[in-house]
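A short reminder: the numbers here are calculations on the coordinates, not readings from a lab. Quick caveat, the model's predicted, so the values are computed rather than measured. Neighbour counts run over all protein chains shown; Cβ positions are idealised from the backbone, glycine included.
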Number of protein chains: 2
Amino acid sequence: MSASATAAYGRLKARFARIAILGEAQAMLHWDAAAVMPPGGAAARGEQLATLSGLAHELMTAPGMAADLAEAEAGGDWEGANLALMRHAHARAVALPTELVEASARANAACETVWREARAQSDFGRVAPYLAEVVRLQRGTAAALSAATGLAPYDALMEGYQRGIGAADVEPIFAAYEAFLAEALPRAEERQARQPAPVLPQGPFPVATQQALCREMSARAGLDFEHARLDESLHPFCGGTPTDVRITTRYTPEAFAQALLGVLHETGHALYERGLPPAYAHQPVGEAAGMAAHESQSLIVEMQASRSDPFLRFLGPKLHAAFGGEAAAYAPENLARLWRRVERGFIRTEADELTYPAHVILRFRLERALIGGDLAVADLPAAWNDGFTRLLGLTPPDDARGCLQDIHWHDGAFGYFPSYTLGAMAAAQLMRAARIAVPGLDEALARGELAPLTGWLRQHVHSQGSRLGFQDLMRAATGKPLDPADFTAHLTERYL
Amino acid sequence: MSASATAAYGRLKARFARIAILGEAQAMLHWDAAAVMPPGGAAARGEQLATLSGLAHELMTAPGMAADLAEAEAGGDWEGANLALMRHAHARAVALPTELVEASARANAACETVWREARAQSDFGRVAPYLAEVVRLQRGTAAALSAATGLAPYDALMEGYQRGIGAADVEPIFAAYEAFLAEALPRAEERQARQPAPVLPQGPFPVATQQALCREMSARAGLDFEHARLDESLHPFCGGTPTDVRITTRYTPEAFAQALLGVLHETGHALYERGLPPAYAHQPVGEAAGMAAHESQSLIVEMQASRSDPFLRFLGPKLHAAFGGEAAAYAPENLARLWRRVERGFIRTEADELTYPAHVILRFRLERALIGGDLAVADLPAAWNDGFTRLLGLTPPDDARGCLQDIHWHDGAFGYFPSYTLGAMAAAQLMRAARIAVPGLDEALARGELAPLTGWLRQHVHSQGSRLGFQDLMRAATGKPLDPADFTAHLTERYL
């Protein structure tokens, strides 16, 4: 390795660190906009985010970058992977003109703001022109990335969220799941109908009690609040940076489960960020391995661990002590019937594990059609309702419970939805591997201890950063690439 | 005016807007650090702020900027002033190497973080090495700016906070005030001793009640919470951006006056930001006219209006209704005796109007010596205590009540302190002019209405942006440049 190749790599590390730090500033401004910003700040915030996006893009495409990337060499697993990721990020970035990047950021911010009101009023017409502009710019982005990478336009967007998985990989997985669901859903419903009806805990559930409980459970799952915050926002999310993670949830005094399980979900994301390798902070290889990998971490905490029989045995008495009322409602078997209830519903974020992939399959097909130009934004509500009816046999009564429910498209995120179901599948596979590798994992869950599980995840997933691609990460952690059979086995055991 | 001169000016406006927007992002990250950030985020935040500072500096000193500034022409008061301010900002920026700007931002952030603990423990030794590094970099900054502008090093730092006023202007004003105070302070104390002792309202004063009251009074003074937030931080401040102003205060259940009057103070700052000309948003001419001008706006709301006899007649019954207890404690005359009490004390932010300038005079002399190299950081505590004793006849019992009390130096702000007293003087002068120009101003205050005053300020100060220099702004608003006689007349009337 020549001195100048090493020097070029050193310069690249400094350049990429600056870009990553701009991304951290953006992450904080996003959190602020969602959690605390007064409404009158929205326009200025859009300008701020657009300007930071534009600057990051300029740094990525600055003179000298291509020459350094061509010349640089780096030795070892980590540094070699880092350099490959730099080249990959650069290739995608140079495909996009600065004006398109800034216009997208601006259109996304404007659309997201209007969407918050449009959803509240179930008024798709209000947000439609903003969404049309977002889609128009996303099509332009997809076309530019497609030309640069040789991927299909929609695949080029997907790659921005999870490298190495395209529509051709997802389609058969989703088609197989659709077939599985058509058979499994009626059976699960039938089995459920034979069980006693779950008892609903009686509220009100004071928000302050919920907040304290959510914070305690998040800390119990391993989140250290010296490096994290828990706040409120309309759409729960995990933002911030690895040393300052910001998770949010929504509270209502009428119910506590959505907030609590939501916090456990976001805690899974937060633990991933906290566990990333500090030695590679601000470098591409130090980032999470993609959105499907990320979702696997939230779902393994929320769905696999927190809703498991052993953990519910710990949680039930704790909830009863916090909220009082009928003990029967907090019995572990009752919580299992409540929180593992299969129910065809309109809202993705409230969906059970079994029907959730149907929500994702719908969105995958629609967003692919939107990007492909086969579906106009004006026709989205009707296409949504048709597709939803075909998949789950129900027709949304309004757009708030239909195509307006998610922030994602209104924030410019196309190609992201498949990650949810790929993540759910990965979570089942990782849980199975962890149970084999970690003796006493379920016994620990029964004592409310998630450390054996999250410690294993830190070692096999979090601390790996982006050194491995998604499939190699799964292979290293579980001995095989993504295998949907572990997910359907999990569902079969839990629901059939 | 040639087409190319106009085009150059157009390019400059776009460049300066980007720089201003980066400044907005920094302002938000500063607010976050002070109001909500978990402690573990401090190191990353320092990197973020340093990177944004460095990028802003690079944009300011980018190729083509000097040529555009040389070529550009702009017609009219506002655009002409804008171009002059651009040239001024550029001249200061090119004097500073990027490495110095980034190192300063990093050192300031590190020092500020350590200072928060050092102050709590009154441990100057803990922060001293960090402060020494801050001072070292500030000396470098002052030397570079001095070489570029021809100003003395300390004056070059002062200019960064308030253009057009240097140590030579301030010195005679401060010397005259010192002489005035030596005579006035004993007389005021003597007069006060002859009056009945004030009755202290009895707490506790629930924090939630205080929060609601502070918010209501801030709104009454004209702040619209569609474009503003009120939060808590160790050191109250006004941050954010003109369409998203963030003010903070500190609450304690033992007392309410500090929080309430602090919020009114920060509201004065916030109204200035809210009232800046939107047509020149993100342009130098659209910014506030300087820190002395800014402080005049906080002090006219807090000191001149809110502590006036007519306003206390409105406020007294309102406070009694909120907190209950003895009515006598909330009688307007009693509040006047409490809140206009002259008392030699150690803490600047708790000082009365009469002795406050002594705190500023001390800091002005010390920071000038620190920057001039005539005082070492290690000798600061002793020099502070000597100077304080000479000015106010008291010796601080510890550094928490001495040289550790203020955030400013620990955050790299040298040359800022004189603005407080220049602002107090300007506030008295503006209040006198407003009383003459606006009929019924005191009658409105007695009804709790600040709109006649703040409306006049919006017209004569806020909406003027930086079109005029400080002295010209005072001249346009009051018919004369800064005249300390209005301040001493106000003090004489109120205290003697």
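Structure notes:
- Whole-number percent relative contact order across chain A, with pairs defined as alpha carbons under 8 Å at least 6 apart: 19 percent
- Electrostatic tally near A:GLY387: other residues with Cβ closer than 10 Å to its Cβ, Lys and Arg +1, Asp and Glu -1, net +2.
- Between 0 and 90°, nearest 10: helix A:257-275 axis offset from chain A longest Cα axis: 40 degrees
- About its Cα centre, the dipole of the protein assembly as shown is roughly 520 debye, where the only charges are +1 on Lys and Arg Cβ and -1 on Asp and Glu Cβ.
- Residue-averaged [θ]222 nm for chain B, counting only DSSP H segments that reach four residues, each worth -39500 (n - 2.57): -21000 deg cm²/dmol
- Plainly put, the tip 7 Å out from Cα toward Cβ on B:ALA67 is 2.0 nm from that tip on each other copy, the closest given first.
- Neighbour-limited loop hits for GluC sites (Glu not before Pro), region B:1-100 (at most 14 other Cβ within 10 Å; DSSP other than H, G, I, E, B): B:GLU73
- Tilt relative to chain A, helix A:418-437 - C-alpha long axis, 0 to 90 degrees, to 10: 70 degrees
- Charge context of B:SER466, other residues only, Cβ under 11 angstrom, K/R +1, D/E -1: 0
- Taking the fewest neighbouring Cβ atoms within 10 Å as the starting point, the ordered list for A:ILE407, B:ILE300, B:ILE19 is A:ILE407, B:ILE19, B:ILE300.
- For peptides B:170-182, B:278-290, sequence by mean Cβ density within 10 Å, most packed first: B:278-290, B:170-182
- When you filter the chymotrypsin sites (Phe, Trp or Tyr not before Pro) in region B:5-41 for DSSP loop state and at most 10 other Cβ atoms inside 10 Å of their Cβ, nothing is left.
- Its relative contact order, with pairs defined as Cα atoms under 8 Å and 6+ residues apart, puts region A:337-457 at 21 percent.
- Antiparallel bridge percentage (DSSP; both residues within chain A; nearest 5): 50 percent
- Global geometry of region B:1-96, whether rounded, prolate or oblate, following the gyration tensor of its Cα atoms and the 1.5 cut on a/c: prolate
- Modelled FRET efficiency - R0 60 Å, B:ALA7 with A:ALA328, Cβ distances, 0.05 increments: 0.20
- Ascending list, in nanometres, of distances separating the A:VAL94 label from those of the other copies (7 Å, Cα toward Cβ): 3.2
- The P(r) of region A:3-159 has a tail past 22 Å containing 52 percent of all C-alpha pairs.
- Unit charges at the beta carbon, dipole of region B:300-453: most positive-side option, B:ALA437, B:PHE364, B:GLY324: B:ALA437
- For region A:209-254, the list of GluC sites (Glu not before Pro) that fall in a loop by DSSP and count at most 13 other C-beta atoms within 10 angstrom reads A:GLU226, A:GLU254.
- With Cα atoms, 0 to 90° folded angle of helix A:309-323 axis to chain A main axis: 80 degrees
- For B:THR248, net neighbour charge (Lys/Arg +1, Asp/Glu -1) across residues whose Cβ lies under 11 Å away: 0
- Other copies of B:GLN121: label-to-label distances in nm, shortest first, labels 7 Å along the beta-carbon direction: 5.6
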